[in-house]
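What follows is a short report on a single structure.
The values are calculated or read from the model by the stated rules, or taken from the named source; none is laboratory data. As the structure is a prediction and not an experimental result, all values here were calculated from the model. Positions of Cβ are backbone-derived with ideal geometry, glycine not excepted, and every protein chain shown enters the neighbour counts.
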Amino acid sequence: SEEVPDEVVALVREARRVVVLTGAGISAESGVPTFREVQTGLWERFSAEELATVEAYENDPALVWTWYRWRQALIAAVEPNAGHRALALWQQRLADVDGGWLAVSTQNVDDLHERAGADVLGHLHGRIAAHRCADCGEPDELPPPEFDGFTAPPEPVDPPFCTHCEEGLMRPDIVWFGEMLPASDFDASSAAIRAADLVLAVGTSGMVQPAASLPLLGLERGVPIIEVNPQETELTDLVDFAIRGPSGEVLPQLLQAAGIAGRR
Ligand code: APR
Ligand code: ZN
């Protein structure tokens, strides 16, 4: 991947209050298909956008429920990558510095940041392993799905009934297109960016609002923003530095160059 400019290395080395906004790209190297990858088999006639809506769920709860349980199985079957691990290490290093911290705010519904050892300040679009009642809204815990994530999703099965009101059906606790983001996650992320001295946008196309506009809160305060993405994004024109490479390579390289990683 591209050489990292010295100014970026200095920003990373000097930063004490860091916010990292991540998107599907940081999990791509773990083998989690991004939202827009083609489905297979029985499911090829559906696009993710069609399935991730309240209408799709109300129209055919079994179809949407099974698709999410399949994605949950797929995520459980893959591992965090070096990009997730680099952020977890940087968070641990900053926790040892007086007044230092690193907050991760992600649009991803996977738990790969957590499984790499990082605390996550906000899951802006929810979590694939969380379910709630479509009627009373109560959270519902379920054992992980028994089928594997690698073959195409199985024949649709009906979602279980809510264990609280026993009338509503369970639904994924995911933010569907057109739905409101969890206010607490969004507010905490906004507050962190307002206090940050460095913001990174990693693996996000910056296409989906309002999550994508979070880094711009830093812009208003003149906080440096670094983008890590192999491609241009909606944010590219607004960031101070764009590093064109895969996060699984760039992030470890950044920490190494800044003397944060590699030191025992
Ligand atoms: N490292 C870094 N970035 C990568 C990598 C990689 N190895 N591979 C791909 N990318 C980048 C792509 O270039 C793209 O800009 O990741 C980005 C993925 O963009 P999207 O698929 O739009 O994902 P995201 O920005 O998280 O989408 C936001 O929209 O798909 C819905 O709700 C879903 O949370 C998601 C939201
Ligand atoms: Zn209920």
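Within region 226-253, can you find the residues that are in contact with a strand residue (DSSP E or B) (Cβ under 6 Å, 6 or more places away or on another chain) and buried (at least 18 other Cβ atoms within 10 Å of the Cβ)? Let's see the steps before the verdict.
Looking only at region 226-253, we keep the residues that are in contact with a strand residue (DSSP E or B) (Cβ under 6 Å, 6 or more places away or on another chain), and these are 226-228, 235-236, 239-243, 247, 250.
226, 227, 228, 235, 239, 242, 243, 247, 250, listed by residue number.
Sort through 261, 183, 211 and tell me the only one that's touching a Phe, Trp or Tyr at 6+ places or on another chain (Cβ under 9 Å), of a type in the set (A, V, I, L, M), under 25 Å from residue 55 (Cα atoms) and at pLDDT below 95.
Selected residue: 211, the only one of 261, 183, 211 that is touching a Phe, Trp or Tyr at 6+ places or on another chain (Cβ under 9 Å), of a type in the set (A, V, I, L, M), under 25 Å from residue 55 (Cα atoms) and at pLDDT below 95.
Go through region 166-210 and report how many residues are of a type in the set (A, V, I, L, M, F, W, C), surrounded by fewer than 13 Cβ atoms within 10 Å (Cβ to Cβ) and either within 16 Å of ligand 2 (Cβ to nearest atom) or under 30 Å from residue 142 (Cα atoms) (or both).
Final tally of qualifying residues: 2.
Which condition from (1) over 23 Å from the mean Cα position of the chain (by Cα); (2) among the hydrophobic types (A, V, I, L, M, F, W, C); (3) within 16 Å of ligand 1 (Cβ to nearest atom) is the one that residue 104 breaks?
Unmet for residue 104, out of (1) over 23 Å from the mean Cα position of the chain (by Cα); (2) among the hydrophobic types (A, V, I, L, M, F, W, C); (3) within 16 Å of ligand 1 (Cβ to nearest atom): (1).
Here is a list of conditions, (1) of a type outside the set (Gly, Ala, Ser); (2) under 17 Å from the mean Cα position of the chain (by Cα); (3) under 14 Å from residue 8 (Cβ atoms), and residue 185 meets all of them except one; can you say which number that is?
(3)
Of the conditions (1) in a loop (DSSP other than H, G, I, E, B); (2) touching a residue at least 12 places away in the same chain (Cβ under 8 Å), residue 137 fails just one. Which one is it?
Every listed condition holds for residue 137 apart from (2).
Contact list please: Cβ distance under 7 Å, first residue in region 240-264 and in a strand (DSSP E or B), second residue at pLDDT below 95 and surrounded by fewer than 18 Cβ atoms within 10 Å (Cβ to Cβ), pairs at least six apart or on different chains.
241/5; 243/2
Of all residues in region 125-149, count the ones that are more than 14 Å from ligand 2 (Cβ to nearest atom) and surrounded by fewer than 16 Cβ atoms within 10 Å (Cβ to Cβ). Reasoning before the result, please.
Of region 125-149, the ones more than 14 Å from ligand 2 (Cβ to nearest atom) are 125-130, 143-149.
After this cut, where a residue has to be surrounded by fewer than 16 Cβ atoms within 10 Å (Cβ to Cβ) as well, the list is 143-144, 146-148.
Of the residues in region 125-149, 5 are more than 14 Å from ligand 2 (Cβ to nearest atom) and surrounded by fewer than 16 Cβ atoms within 10 Å (Cβ to Cβ).
Hey, can you tell me all the residues within region 211-225 that are farther than 19 Å from residue 106 by Cβ and surrounded by fewer than 17 Cβ atoms within 10 Å (Cβ to Cβ)?
Across region 211-225, the qualifying residues are 220, 221, 222.
Specify which of the listed residues (83, 117) is in contact with a helix residue (DSSP H, G or I) (Cβ under 9 Å, 6 or more places away or on another chain), under 30 Å from residue 249 (Cα atoms) and within 16 Å of ligand 1 (Cβ to nearest atom).
Numbers: 117 fails: within 16 Å of ligand 1 (Cβ to nearest atom).
Sole residue among the options that is in contact with a helix residue (DSSP H, G or I) (Cβ under 9 Å, 6 or more places away or on another chain), under 30 Å from residue 249 (Cα atoms) and within 16 Å of ligand 1 (Cβ to nearest atom): 83.
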